[in-house]
1. Which order do T93, T161, T128 fall in if you start with the one that has the fewest other Cβ atoms within 10 Å?
2. Take D183, D463 and order them by how many other Cβ atoms sit within 10 Å, fewest up front.
3. Using DSSP to define loop residues, name the trypsin sites (Lys or Arg not before Pro) in the range 394-476 whose beta-carbon has at most 15 other beta-carbon atoms within 10 Å.
4. Seen from all sides and averaged, what is the projected area of the convex hull of the Cα atoms in the range 431-499, in nm²?
5. In the range 52-128, which GluC sites (Glu not before Pro) fall in coil by DSSP and have 10 or fewer other Cβ atoms within 10 Å?
6. Give the Rg/Rh ratio for the range 212-297, taking Rg as the radius of gyration of the Cα atoms and Rh as the Kirkwood radius, to two decimals.
7. Ratio of Rg to Rh for the range 42-127, alpha carbon only, Kirkwood?
8. Determine one quarter of the surface area of the Cα convex hull of the range 388-441, which equals its mean projected area, and express it in nm² to one decimal.
Amino acid sequence: MGKKLISAIIFIICLAQLFAQQDNYALDLNEELKRNKIIQPETDRVKLASAIKEYPVTPGDVYRLNYLAGRGFESLESVVQSDFSLNLRIFGTLQVEGLSYQELRKKVEELVRHAYPESKPQLVIQSTGIFQVYLKGEVKTAQYIDCWGLSQLSMVVEGKTTDYSSFRDIQIVKNDGSVKKYDLFKAQRFGEKGEDPYAKPGDTIIISKAVRQVKVIGEVFRPDTYQLIGGEGLNDLILTHAGGFTKLSELTRIRVVRHISETSTSGEVYYLDSSTSLFKEFILHDLDEVYILNKKDSLPVVYFEGAIEFEGVKKEGSVPKSSYRYTYPLVEGQKLSGAIHELYTILSSEADFSKTNLSEADLKESEKTKESPLNSIFSSEADLKNAYIIRSGEKLPITVDIEALIHDYTEEKDILLKPYDLIVIPLKQYYVTVSGAVFKPGIYPYVPNRSYKYYLYIAGGSDPQKNVNESVIITDANDVKQPITRIIRPDDKIYAEYNNQLYHLNQWGTFLGTAISVAALIISIINLNK
């Protein structure tokens, strides 16, 4: 009795281990299938195969046939063999190659109803078959790929190609040796299903190298790198592959850059007009780049220069914007007032309002007052009344009052701009007077943020024989005395004091010596007359 019990326990343990190994194997297989994008988990494959009309009957498929017979409910399972035969036992063997699941179901159910009229047959998919195709050519690694009935060509090659693989000329060699070519670009761009077929058992898929890869950049709807085949040229690239020109395309100057020509490694550049036959017939080479310019890039321009300093654009540590020339694309018929508004729009779009006291709310509020937000693009020292335009062909500058254009606009004050006009906004001219004990007293141009020492320097410095310790008196435009620590302002006056006592002593000594000499001379003359 004890031996039988021990034997039974050992048998149960072995059986449990066997089932555990099978379960682990099933788990490993499912994990492997999940990693392979081509093959979904079993339950998902069954659902798809049952729902999609074109699911092809595949070797390895397992079908269950349910029907009513004289003895009651009957059920049988059948597997599609590698030669596409399906053994339905008492109903015979069918050749199912080329049939879809829906076609097979209709055929089998009709066969059963013919034998058992009231049998209510039903053919369902229990599981789907898995087969292999061979992938080779311009791929990372030649390999066998696991597939199932709904694995399409695009799924098979995904992630396995190189940068030089062609998607336009893919060959599939069938079991019978026949060869057919497919174009995945047409399938993916234009939805031509026939160009992305389902893989079949025994297929060999051959990826060739791309003959011509060209890039299109700029104003097209689909800028990208494309592969061209056969006689496809520039016209096909832009209109078919790249989706055509946008409304902003410059159609008269399409630029083609050929990096390597047949006779030189330095490359060549071509400019083509899309309305010409040359454009339609132009053949592109491998690695060519096609640039479709924006119309705005081809417009003539005018320039703004001078005291332009939009506060919101300045960034900490950067060079002030007023030191740059602004380029503005000129639209035909544009006047100066319109260009100023456009310049404001451009600069305000660049502004970082979080780093300035000028906020968007401030700008909107200013529009309700007499102060125009357009003033914010000019420096506080800008002389808007005396702006001028330098125009090619004109001997003298054209004067313009921008302040009047902003605050008191009339059409008569506006000016029609011409290509390449230079609009100059000068700085207001302020001066500082330096006098007293300096070597070069005079009136000097005002420079912001300078102390009195700067102006003493440009006036030649204080004369040490007359002035000690650069002692100065500073007065403002209203002759009010100011502290010497104050930053000099326009129209200030700087007076270097005559505070050297030796200088004064020398001056009095000379005067006294002269007076004594004159007195002695007078006394001598008086004595002679006696």
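1. Working: T93 12, T161 18, T128 25.
Fewest-to-most Cβ neighbours within 10 Å comes out as T93, T161, T128.
2. D463, D183
3. Taking the range 394-476 and a limit of 15 other Cβ atoms within 10 Å, the loop trypsin sites (Lys or Arg not before Pro) found are K395, K428, R450.
4. Projected area, direction-averaged: 3.9 nm².
5. On the way: sites: E54, E74, E77, E97, E103, E109, E110, E118; in loops: E54, E97, E118.
Answer in residue order: E118.
6. 0.94
7. Working: Rg = 12.5 Å, Rh = 13.1 Å.
Rg divided by Rh gives 0.96.
8. Spelled out: convex hull of the Cα atoms, projected over all directions, averaged, 6.6 nm².
Every read-out reported here was derived from the displayed coordinates using simple, explicitly stated rules and does not represent laboratory data. Quick caveat: nothing in here was measured; it's all calculated off a predicted structure. In this analysis, Cβ positions are derived from the backbone assuming ideal geometry, glycine residues included, and neighbour counts consider all displayed protein chains.
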